[in-house]
Every structure is written in structure tokens, then in C-alpha cells.
Amino acid sequence: MENKISIDDFKKTEIKIGKILSAEKTEGSDKLLKLMVDFGEETPRQIISGIALYFPDTAALVGKKCAFCTNLQPRVIRGFASDGMILAASGQNGDGDFFSLLEVPPNVAPGAAVH
């Protein structure tokens with residue numbers, strides 16, 4: 001990989017486990033979902049993610065515990081505020097294209113840090 005960063009740059013990244021409380025399609029986009037995510041903070045965070053094509057039944061996301069980058073600058077995506085980014089793996093293998101959220105077992109608490 002040509003785009004290498006220093007360990008000091010990597011240490012700036014905050015990755016935590018979040019529990020998806022709700023997921024709904026965003027008006028005006030086929031790709032975006034609005035997620036409400038529990039990180040063990042006082043209030044859940046809203047995260048906008050381009051994963052709708054992989055989850056036509058948004059209810060399948062509710063309750064999943066996944067890895068998120070939680071210290072990105074908040075931004076507005078198509079008029080919706082987003083305060084984080086869900087992490088996933090995607091690519092091709094011998095069976096074709098794949099997409100997978102980075103999930104953890106149910107016993108991992110929301111807000112747990114990934115090291």
C-alpha cells in the first residue's frame with residue numbers, strides 16, 4: 001500500500017463499538033441510511049452511512065454491535081448531520097463481491113475501545 005501513515009497518525013483514530021438502535025432510509029437517496037447508535041454516551045449519535053444497498057431490510061441492522069470511527073469531524077451529508085463512520089470490509093473473493101460490517105460478539109459493551 002502506497003499511502004502509509006505514521007503510528008502517531010494512527011493513534012489519533014478513535015475506534016469504538018457502537019450498538020445500532022435504529023436504522024432508516026434517508027429521503028432522496030437510495031444509498032444512505034440514518035443510524036442512531038449507542039456508544040455508552042449520554043445520548044445516541046446520528047451517523048449517516050452509504051450502506052443501504054446492502055441492507056434492504058433496515059430492521060436487520062437494529063441491535064448489531066459494530067466498529068465505528070468516532071472522532072471524525074461531524075459533517076452534513078445530503079442535509080443530515082453525521083457524527084462518525086461505520087467500518088466495513090468489502091471487495092472480491094472467489095465467490096464474487098462481498099460486503100461485511102465489522103461486528104463484535106453480543107457481550108462487548110457499547111463504547112468499548114478497539115485497540
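Quick check: anything in region 5-22 over 23 Å from ALA112 (Cβ atoms) and crowded, with 16+ Cβ neighbours inside 10 Å?
Checked region 5-22: no residue is over 23 Å from ALA112 (Cβ atoms) and crowded, with 16+ Cβ neighbours inside 10 Å.
Restrict the check to region 67-80 and report whether at least one residue is surrounded by 15 or more Cβ atoms within 10 Å (Cβ to Cβ) and among the charged types (D, E, K, R).
Here is the first cut: in region 67-80, the residues surrounded by 15 or more Cβ atoms within 10 Å (Cβ to Cβ) are 67-70, 77, 80.
So of that shortlist, the ones also among the charged types (D, E, K, R) come out as none.
Within region 67-80, not a single residue is surrounded by 15 or more Cβ atoms within 10 Å (Cβ to Cβ) and among the charged types (D, E, K, R).
So SER49 fits all but one of (1) buried (at least 19 other Cβ atoms within 10 Å of the Cβ); (2) touching a Cys at 6+ places or on another chain (Cβ under 8 Å); (3) among the hydroxyl-bearing types (Ser, Thr, Tyr); what number is the exception?
It is condition (2) that SER49 fails.
Is it the case, given these coordinates, that PRO56 is assigned to a loop (DSSP other than H, G, I, E, B), at pLDDT 95 or above and not aliphatic (A, V, I, L, M)? Break it down into steps so the answer makes sense when it comes.
Values: assigned to a loop (DSSP other than H, G, I, E, B): yes; at pLDDT 95 or above: no; not aliphatic (A, V, I, L, M): yes.
So PRO56 fails the test.
Within the bounds of region 95-113, is there any residue that is β-branched (Val, Ile, Thr), under 13 Å from the mean Cα position of the chain (by Cα) and not in a loop (DSSP other than H, G, I, E, B)?
Scanning region 95-113, I find no residue that is β-branched (Val, Ile, Thr), under 13 Å from the mean Cα position of the chain (by Cα) and not in a loop (DSSP other than H, G, I, E, B), so the answer is no.
Out of the residues in region 72-92 meeting the condition of being of a type in the set (S, T, N, Q) and more than 14 Å from the chain's Cα centre (by Cα), tell me which one is nearest to ARG45 (Cα to Cα).
For region 72-92, the residue satisfying everything is GLN73.
Residue check, GLU27 against (1) of a type in the set (Asp, Glu); (2) modelled with pLDDT of 95 or more; (3) over 13 Å from the mean Cα position of the chain (by Cα), all met but one. Which one?
With respect to (1) of a type in the set (Asp, Glu); (2) modelled with pLDDT of 95 or more; (3) over 13 Å from the mean Cα position of the chain (by Cα), GLU27 is out only on (2).
The values are calculated or read from the model by the stated rules, or taken from the named source; none is laboratory data. All figures in this text were calculated on a predicted structure; none of them were measured in a lab. All Cβ positions, glycine included, derive from the backbone under ideal geometry; neighbour counts span all protein chains shown.
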